[in-house]
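Asks: Quick one: the structure is below, and I'll ask about it shortly.
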Amino acid sequence: MMIFDSAVLSSALDWLAHGLWDLSWWQIVLYTLATTHITILAVTIFLHRTQAHRSMDLGPIPSHFFRFWLWVGTGMVTKEWVAIHRKHHAKCETEEDPHSPQTRGIDTVMWRGAELYRAEAKNNETITKFGHGTPDDWIERNLYSRFGWQGVGLMLILNLALFGGIGATIWAIQMLWIPFWAAGVVNGLGHYWGYRNFEAQDASTNLVPWGIVIGGEELHNNHHTYPTAAKFSVKKYEFDIAWGYIVLMQKLGWAKVKKVPPKLRMGEVRPVADEKTLEAVIANRYEVMAGYAREMRRTCKQELAQLQARGADLSVLKAARRWLHRDDDKVPAAARPKLAEARAAHPVLDKMVTMREELRQMWMNTSQSREQLAADLAAWCHRAEASGIKALQEFSIRLRAAHV
């Protein structure tokens, strides 16, 4: 009897130490990274791009796989996630935004993002208003939405069986992956710190140009600028890893992309900007303004070089340059005095800031007719090319080459 007990105890200890697979430490790390990567893909491809924004359709094979994986890997309910995310876009950076660091503070969103999600998930008005169009079949009603904790419990049992005691640590990492990276980093830092390609109406930023760790969600400013686009990268140096998987699924017939970020088409330069030019400019207004920002940065660099050559003070212009190409309501109160001082000292930059706002008003002004707006655009181009400012002249000529 003691021999039997000893054998059982030895087997139990061996299982606790190694599990059924008995993998080396690097194989365990690889497994953990692979499973968390699949979870990220399920969130960004299925929940975010397919369900929340309808930027693509997924076939039944990847859809059912992702739904099952989210059940065992996160316990999140599709309808709740989609509703909360849609409300975030609809109420972005306001008090009604479920997780804006601009209103709730960066520390709150970074470290308590999952709590904010759970609190909003209890808001029936949010779920009813913004959760439409999500899966509502038998398995969703009777398993995924009904027994959320049982799914993650199944993952815990699987990890313990495969890896023994360390399986609990693997499970904890898997469970914390989305609350940290998505609820914390993307929702927090993605509206607080980073670079901006486009002057979107909110505070969204791109964290880094390589969307690998969070499946492309790092390109958050791009997404908020073009929320219905299935592809998040827009610059040549940016990389959206989830887009690679989407392209592969398209080739397999498992996905169909509905929309990608628009691209400004260039053709022959029209003698005068007309209604077709206006249509192209408005349809690609974020890209147009990003091009204008590049010209402002280039001009500002030239102004700084001239100041340096004269041995003049550079501090005012250096302090103001990051705000020259921003919308007026995005400039913080603390930066306004330096910006006003820089504009007064540099007439070329002042002129470019003024004309930027005039150009922006062409798609902000909804009371003007199409014919009047086209005439305003033609007049704007005429003034730009007569300004004597090289950057404005070159930008205007490119604008007259814009096509739909």
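Asks: State yes or no: is ARG343 farther than 21 Å from ALA200 by Cβ and of a type in the set (D, E, K, R)?
Replies: Working: farther than 21 Å from ALA200 by Cβ: yes; of a type in the set (D, E, K, R): yes.
Yes, satisfied.
Asks: From the residues in the range 312-334 that are farther than 21 Å from ARG360 by Cα and among the aliphatic types (A, V, I, L, M), which one is farthest from the chain's Cα centre (by Cα)?
Replies: First, pick out the residues of the range 312-334 that are farther than 21 Å from ARG360 by Cα: 312-319, 333-334.
In the following step, the residues that additionally are among the aliphatic types (A, V, I, L, M) were identified as 312, 314, 316-317, 319, 333-334.
Values: ALA312: 41, LEU314: 35, VAL316: 32, LEU317: 31, ALA319: 28, ALA333: 26, ALA334: 27 Å.
Top of the filtered list is ALA312.
Asks: Might you let me know whether the range 251-264 holds any residue that is assigned to a helix (DSSP H, G or I), over 20 Å from VAL186 (Cα atoms) and either at pLDDT 95 or above or of a type in the set (Ser, Thr, Tyr) (or both)? Write out each step before concluding.
Replies: Our first condition is that a residue be assigned to a helix (DSSP H, G or I); within the range 251-264, this holds for 251.
Right, trim to over 20 Å from VAL186 (Cα atoms) and you get 251.
Now restrict to residues that are either at pLDDT 95 or above or of a type in the set (Ser, Thr, Tyr) (or both): 251.
Yes, the range 251-264 has at least one match.
Asks: Here's a follow-up. Say whether the condition of being free of Cβ contacts under 8 Å to residues at least 12 places away in the same chain, open to solvent by 20 Å² or more (accessible area, probe 1.4 Å) and not charged (D, E, K, R) is met by at least one residue in the range 277-287.
Replies: So in the range 277-287, the residues free of Cβ contacts under 8 Å to residues at least 12 places away in the same chain come out as none.
No, the range 277-287 contains no residue that is free of Cβ contacts under 8 Å to residues at least 12 places away in the same chain, open to solvent by 20 Å² or more (accessible area, probe 1.4 Å) and not charged (D, E, K, R).
Asks: Quick one: which residue in GLY216, GLY211, GLY190, GLY165 is touching a residue at least 60 places away in the same chain (Cβ under 8 Å) and surrounded by 22 or more Cβ atoms within 10 Å (Cβ to Cβ)? Break it down into steps so the answer makes sense when it comes.
Replies: Details: GLY211 fails: touching a residue at least 60 places away in the same chain (Cβ under 8 Å); GLY190 fails: touching a residue at least 60 places away in the same chain (Cβ under 8 Å); GLY165 fails: surrounded by 22 or more Cβ atoms within 10 Å (Cβ to Cβ).
Criteria check complete, one pass: GLY216.
Asks: Do any helices (runs of 4 or more DSSP H) entirely within the range 136-243 hold 2 or more residues that are closer than 30 Å to LEU359 by Cα, and if so, which?
Replies: Output list reads 220-225.
Table: residues versus (1) touching a residue at least 12 places away in the same chain (Cβ under 8 Å); (2) polar (S, T, N, Q).
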position: CYS92; (1), (2): yes, no
position: SER100; (1), (2): yes, yes
position: THR103; (1), (2): no, yes
position: MET110; (1), (2): yes, no
position: ASN123; (1), (2): no, yes
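Asks: Collect the residues in the range 314-329 that are among the basic types (Lys, Arg) and surrounded by 15 or more Cβ atoms within 10 Å (Cβ to Cβ), keeping them in residue-number order. Walk me through how you get there before you give the answer.
Replies: Looking only at the range 314-329, we keep the residues that are among the basic types (Lys, Arg), and these are 318, 321-322, 326.
Passing the criteria: ARG321, ARG326.
Asks: Scanning for something within 22 Å of THR36 (Cβ to Cβ) and either surrounded by 13 or more Cβ atoms within 10 Å (Cβ to Cβ) or touching a residue at least 12 places away in the same chain (Cβ under 8 Å) (or both), does the range 132-142 turn up at least one residue? Can you show your working first?
Replies: Within the range 132-142, the first condition is being within 22 Å of THR36 (Cβ to Cβ), and the residues that meet it are none.
So far as the range 132-142 goes, no, none of its residues is within 22 Å of THR36 (Cβ to Cβ) and either surrounded by 13 or more Cβ atoms within 10 Å (Cβ to Cβ) or touching a residue at least 12 places away in the same chain (Cβ under 8 Å) (or both).
Asks: Here is a list: ASP327, ASP350. Which entry is in contact with a Lys or Arg (Cβ under 9 Å, 6 or more places away or on another chain), in contact (Cβ under 8 Å) with a residue 40 or more places away in the chain, under 26 Å from GLN393 (Cβ atoms) and not aromatic (Phe, Trp, Tyr)?
Replies: Numbers: ASP350 fails: in contact (Cβ under 8 Å) with a residue 40 or more places away in the chain.
Within the list ASP327, ASP350, the selection yields ASP327.
Asks: Which one is modelled with the highest pLDDT, of the residues in the range 109-122 that are surrounded by 16 or more Cβ atoms within 10 Å (Cβ to Cβ) and out of contact with any helix residue (DSSP H, G or I) (no Cβ under 6 Å at 6 or more places or on another chain)?
Replies: By that ranking, first place goes to LEU116.
Asks: Looking for something open to solvent by less than 70 Å² (accessible area, probe 1.4 Å), within 27 Å of the chain's Cα centre (by Cα) and at pLDDT below 95 - is there at least one such residue anywhere in the range 339-358?
Replies: Scanning the range 339-358 turns up at least one residue that is open to solvent by less than 70 Å² (accessible area, probe 1.4 Å), within 27 Å of the chain's Cα centre (by Cα) and at pLDDT below 95.
Asks: Out of the residues in the range 99-108 that are polar (S, T, N, Q) and either within 21 Å of MET175 (Cβ to Cβ) or touching a helix residue (DSSP H, G or I) at 6+ places or on another chain (Cβ under 8 Å) (or both), which is least open to solvent (accessible area, probe 1.4 Å)? Steps first, answer last, please.
Replies: Step one: list which residues in the range 99-108 are polar (S, T, N, Q), which gives 100, 102-103, 108.
Then keep just the ones that are either within 21 Å of MET175 (Cβ to Cβ) or touching a helix residue (DSSP H, G or I) at 6+ places or on another chain (Cβ under 8 Å) (or both); that gives 100, 102, 108.
Working: SER100: 1, GLN102: 98, THR108: 35 Å².
By that ranking, first place goes to SER100.
The values are calculated or read from the model by the stated rules, or taken from the named source; none is laboratory data. Fair warning: this is a prediction, and the values are worked out from it, not measured in the lab. Positions of Cβ are generated from backbone atoms using ideal geometry, with glycine treated the same way; all protein chains shown enter the neighbour counts. To get the accessible areas, we keep the full protein, side chains included, count just its heavy atoms, and leave off ligands, DNA and RNA. Shrake-Rupley method; radii C 1.70, N 1.55, O 1.52, S 1.80 Å.
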